[in-house]
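Participant: Quick one: structure below, then a few questions.
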Amino acid sequence: MVEHDEDLVMPRLNVPQAARDVYSASCPCRLILDLLADKWSALALSALTAGPVRFGGIKARLDGISPKVLSAVLRRLEQYDLITRTVYPNVPLHVEYELTDLGRDACVPLGALLFWVEDNVERFPDLA
């Protein structure tokens, strides 16, 4: 039996268009911006664009991330319905992470940002 962690998905917010102002401290859009602007979240989502990946595959792709931080990032992305976590009852357990439709949509602007960063890193003299 395959297990999906659907209980972790955040409920959808019915926020009227007029109440959506990312510059307002009370706007729920800020939570989403905080989530997606996090470097590990953006990189984890990007690592899943080719299809389902196991935890170890994501960790190998995200050089420098600790298992503890990666676990927290994946839980948070799953909580906001950007990824799914599927547990296959093998011995040992086989767990795969995959983008949802929402996660794939989020990868479009995030992917553009990642490409822009790679193309422009030399323009930041203290970093190159």
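Participant: Within the range 93-128, which GluC sites (Glu not before Pro) sit in a loop by DSSP and count at most 16 neighbouring Cβ atoms inside 10 Å? Before the final figure, lay out each step's value.
Facilitator: Numbers: sites: Glu96, Glu98, Glu118, Glu122; in loops: none.
Hits after loop and neighbour filter: nothing returned.
Participant: Compute, for the range 25-128, the length of the dipole vector about the Cα centre, with Cβ point charges of +1 (Lys, Arg) and -1 (Asp, Glu) only. Units Debye, rounded to 20. Don't skip to the end; give the middle numbers.
Facilitator: Numbers: 11 positive and 13 negative charges, 77 e Å.
Here the size comes out at about 360 debye.
Participant: How much of the accessible area of the range 40-100, in percent, comes from carbon and sulfur atoms when a 1.4 Å probe is used? Let's see the in-between values first.
Facilitator: On the way: 1690 of 3140 Å².
The nonpolar share, carbon plus sulfur, comes to 54 percent.
Participant: Considering the Cα trace of the range 20-128, what is its radius of gyration and what is Dmax, both in angstroms?
Facilitator: Using the Cα atoms of the range 20-128, the pair Rg, Dmax is 15.4, 50 Å.
Participant: Residue separation times 0.36 nm, minus the C-alpha to C-alpha distance between Asp38 and Gln79: what's the value? It would help to have the intermediate numbers written out before the result.
Facilitator: Values: separation 41, 0.36 × 41 = 14.76 nm, distance 1.52 nm.
Fully extending the segment from Asp38 to Gln79 adds 13.2 nm.
Participant: Which whole-number value in Å² is the accessible area per residue of the range 47-116, probe 1.4 Å?
Facilitator: Working: 4090 Å² over 70 residues.
Result: 58 Å² per residue.
The values are calculated or read from the model by the stated rules, or taken from the named source; none is laboratory data. None of these values were measured; they are calculated from a predicted model. Here the Cβ is made from the backbone with ideal geometry for all residues, glycine too, and neighbour counts use every protein chain on show. Note: areas computed on protein heavy atoms with side chains; ligands, DNA, RNA excluded. Shrake-Rupley method; radii C 1.70, N 1.55, O 1.52, S 1.80 Å.
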